[in-house]
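One structure is given below, encoded as structure tokens.
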Amino acid sequence: MKKALLLILLLAASTTASAQFFKAIPYYGNNPYLFCTLGMPSDCWLPSNPVTGSFTVTDWECFNPTSALVYEEICPKAFPGASTTGNLGSSLEPVPPANPANGVSDSTQSSR
């Protein structure tokens, strides 16, 4: 019984390991976060949406499609479960300032 349970656990562990993705990125020291958020300005393109892999070409004369193709392949897989919509801050409320303009906090006003 213990051998069967061990065999099932090993099969389950090997299945999850095979679902992972890795490809070396020859830019930014193999750092996908930097590559997907900064893009490659020296290759004349900038990231538009790393979650979908879309980018914007800044100059067609110096555009390098090699790094852009790596971006299209890597970046959607680097942000699993991220939202593909652009409304990231629509429901956020403004944060009140830490120091009021008059320099007196609420706790000192209530003690007066």
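Where a number appears in this text, it was derived from the coordinates with a stated rule and is not lab data. Just so we're clear, the structure is a prediction, and the values are computed from it rather than from any experiment. Cβ coordinates were reconstructed from backbone atoms using ideal geometry, including for glycine residues, and neighbour counts include every protein chain displayed.
Points to keep in mind about this one:
- Across region 58-63, coupling constants 3J(HN,Hα) worked out from phi with the 6.51/-1.76/1.60 Karplus curve, θ = phi - 60°, read 8, 8, 5, 6, 10, 4 Hz, and Gly and Pro carry x.
- Full extension of the segment from residue 63 to residue 23, taken as 0.36 nm per residue of separation minus the current Cα-Cα distance, would add 12.2 nm.
- Counting neighbouring beta carbons within 10 Å and listing from fewest to most, the residues 27, 71 come out as 27, 71.
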